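**Q** Let me give you the structure first, and then I'll get to my questions.
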Amino acid sequence: MRLDKFLKISRIIKRRSVAKEVADKGRIQVNGKLAKSSSTVKVGDILKIGFGNKTLEIKVLELHESTKKEDAAQMYEIISETRIENV
């Protein structure tokens, strides 16, 4: 499954266009390598996503073509969430 589609369906990022933009700016790594929005995501992959003030590291558990809101959180497991404090 494409990276931008996974981020949208799992509801980590609300819109696919925003997920594409984040990936193309180099803020997402898949298994330690910079990823484009068209990169393939498989079960077991580790994603590291850099938002403005936090970094989210997740492990892909399931892939679905579509999900309900309640089932979206079961598609991934949060490994770590790091917040960057402003000084």
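**Q** Hey, among the residues in region 39-57 that are of a type in the set (Ser, Thr, Tyr) and surrounded by 14 or more Cβ atoms within 10 Å (Cβ to Cβ), which one's farthest from Ala19 (Cα to Cα)?
**A** Ranking the candidates gives Thr55 first.
**Q** Next question. Taking region 63-87 only, how many residues are under 13 Å from the mean Cα position of the chain (by Cα) and more than 20 Å from Lys33 (Cα to Cα)?
**A** 4
**Q** Under 17 Å from Ile79 (Cβ atoms), in contact with a helix residue (DSSP H, G or I) (Cβ under 8 Å, 6 or more places away or on another chain) and either basic (Lys, Arg) or in contact (Cβ under 8 Å) with a residue 40 or more places away in the chain (or both), is that true of Val41?
**A** Working: under 17 Å from Ile79 (Cβ atoms): yes; in contact with a helix residue (DSSP H, G or I) (Cβ under 8 Å, 6 or more places away or on another chain): yes; either basic (Lys, Arg) or in contact (Cβ under 8 Å) with a residue 40 or more places away in the chain (or both): yes.
Criteria met by Val41.
Computed from the coordinates by the stated procedures, all read-outs in this text should not be read as laboratory data. What you see is a predicted model; the values in this text were computed from it and never measured. Neighbour counts run over all protein chains shown; Cβ positions are idealised from the backbone, glycine included.
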